[in-house]
Amino acid sequence: MAALLFLAFVVILLPLALLLLLFLIVRPKPVNIPIKNRHVFITGGSSGIGLAMARQAAKEGAHVSILARSCQKLEEAKQSILLETGIEVATFAADVTDFEAVQMAVTEAGPIDVLVVNQGVFMPGEFESQSLDELKFMIDVNVMGSIHMIRAALPLMKKRKNGGPASIALVSSQAGQVGIYGYTGYSASKYALRGIAEALQQEVIGDDIHVSLIFPPDTETPGFEEEMRRRPQLTNIIAASSGAMKPNEVARKALNGIKSGSFIIPCNFEGLLLSIATAGLSPQRSVLMAFVEVVTAGLLRFAGLCFQWNWYGNIESWHAQRKSKLPTKL
Ligand SMILES: NC(=O)c1ccc[n+]([C@@H]2O[C@H](COP(=O)([O-])OP(=O)(O)OC[C@H]3O[C@@H](n4cnc5c(N)ncnc54)[C@H](OP(=O)(O)O)[C@@H]3O)[C@@H](O)[C@H]2O)c1
């Protein structure tokens with residue numbers, strides 16, 4: 001009898017008590033962010049994940065603006081969305097590294113309800129073999145570009161008159177959750193977005209603006225094709241996963257996450273586990289997800305250590321193989 005009572009306590013009462021406690025403490029509070037009839041502004045919206053998000057948002061009745069550098073790619077994107085949905089999106093040609101150009105585009109576009117900061121460049125390579133210009137380029141586009149976009153959009157977002165919660169969503173990467181061989185520069189730029197998002201959320205919550213961080217895995221986009229041509233061999237060995245996702249799938253997950261105000265948005269099951277394992281001190285709106293994070297923390301840390309064991313094993317045997325192929329000195 002005592003054993004039965006103890007079992008009931010552990011299996012039923014303890015989880016219920018934890019759920020109740022989490023319900024009381026989880027912050028920020030849950031929110032729904034509609035996109036229908038609202039202004040969704042997507043940077044890097046002329047290609048890959050951004051284009052898929054623009055198409056999806058247009059289908060859901062949003063007023064969509066896209067921003068990128070190439071006028072030709074913007075026009076092609078506009079026509080492809082028009083053909084598929086019958087909806088015309090607004091286009092803005094600007095380089096996110098140029099704050100004045102970004103500010104002009106945002107002023108012309110008008111107040112934004114949902115800002116998706118998605119532009120990004122990814123150039124894998126061993127840190128020592130990458131030029132400083134290349135490393136700086138990734139930081140400029142991925143970090144400073146995102147800062148420029150948010151800085152330009154925020155004043156008008158705060159003044160928006162139509163009411164309702166607004167969103168700023170930053171597209172990071174799984175390389176912004178875990179460092180992987182060959183992604184030193186890229187990871188630096190994507191980890192930075194997490195710091196921006198966590199701090200910014202506290203600053204804009206009072207204006208009913210909700211920040212999201214999207215963590216796509218490998219996704220079949222023009223940018224990814226480019227990246228695959230120059231990925232170091234060891235990166236391919238370590239980052240070998242269940243395959244790349246389609247941009248439309250990532251876009252659907254991302255938009256659903258934004259609409260539910262999720263702070264962290266993983267795009268597949270692997271990404272969900274990674275997000276739980278790296279939750280740290282990030283905000284969490286969902287009581288259920290908070291529960292899973294608390295209960296699985298130790299187990300996922302163990303799984304993380306197993307991954308590191310596997311990765312370092314691969315690195316060691318790769319170096320050993322390379323050394324064995326070097327000509328021996330007589
Ligand atoms: N594909 C993946 O496997 C993957 C995985 C994880 C995370 N991500 C992230 O997801 C985001 C989108 O990636 P994607 O694969 O869809 O990329 P993509 O196909 O290469 O598209 C990149 C978009 O960003 C725009 N862009 C690039 N530099 C810009 C700049 N300086 N100013 C303004 N716009 C700029 C591009 O247009 P222009 O060239 O005309 O400017 C294009 O519209 C990126 O942040 C990337 O880091 C991608």
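Computed from the coordinates by the stated procedures, all read-outs in this text should not be read as laboratory data. Keep in mind that this is a model prediction, so the values were computed, not measured. Every residue, glycine as well, gets a Cβ built from its backbone with ideal geometry; the counts of neighbours run over all protein chains shown.
Annotations for the structure displayed:
- Segment 175-188 residues that are over 16 Å from Ile238 (Cα atoms) and in contact (Cβ under 8 Å) with a residue 24 or more places away in the chain, paired with ones that are among the aliphatic types (A, V, I, L, M) and away from the ligand (no atom under 11 Å from the Cβ) (beta carbon under 6 Å, 6 or more apart): Gly185/Leu135
- Ser262 vs. criteria among the hydroxyl-bearing types (Ser, Thr, Tyr), within 29 Å of Lys159 (Cα to Cα) and either within 12 Å of the ligand (Cβ to nearest atom) or assigned to a strand (DSSP E or B) (or both): no
- When Ile49, Ile42 are checked against the criterion of being under 16 Å from the mean Cα position of the chain (by Cα), near the ligand (Cβ under 8 Å from one of its atoms) and outside any loop (DSSP other than H, G, I, E, B), a single residue qualifies: Ile49.
- Residue count, segment 158-172 (criterion: surrounded by 24 or more Cβ atoms within 10 Å (Cβ to Cβ) and either part of a helix (DSSP H, G or I) or within 14 Å of the ligand (Cβ to nearest atom) (or both)): 4
- All of Ala62, Ala109, Ala77, Ala58 fail the test of being within 12 Å of the ligand (Cβ to nearest atom) and either without any contact (Cβ under 8 Å) to a residue 24 or more places away in the chain or of a type outside the set (Asp, Glu) (or both), apart from Ala77.
- Tally, over segment 164-191, of residues that are of a type in the set (Gly, Ala, Ser) and either touching a Gly at 6+ places or on another chain (Cβ under 7 Å) or under 27 Å from Ile35 (Cα atoms) (or both): 9
- Lys246 touching a Gly at 6+ places or on another chain (Cβ under 6 Å), basic (Lys, Arg) and within 16 Å of the ligand (Cβ to nearest atom): no
- Looking across segment 83-99, the residues that are more than 24 Å from Asn256 (Cβ to Cβ) and either more than 22 Å from the chain's Cα centre (by Cα) or outside any loop (DSSP other than H, G, I, E, B) (or both) come down to Leu83, Glu88, Thr91, Phe92, Ala93, Asp98, Phe99.
- Complete set of residues in segment 100-120 that are outside any helix (DSSP H, G or I) and crowded, with 16+ Cβ neighbours inside 10 Å: Pro111, Ile112, Asp113, Val114, Leu115, Val116, Val117, Asn118, Gln119, Gly120
- Of the residues in segment 135-146, not one is on the phi > 0 side of the Ramachandran plot, within 15 Å of the ligand (Cβ to nearest atom) and either assigned to a helix (DSSP H, G or I) or not hydrophobic (A, V, I, L, M, F, W, C) (or both).
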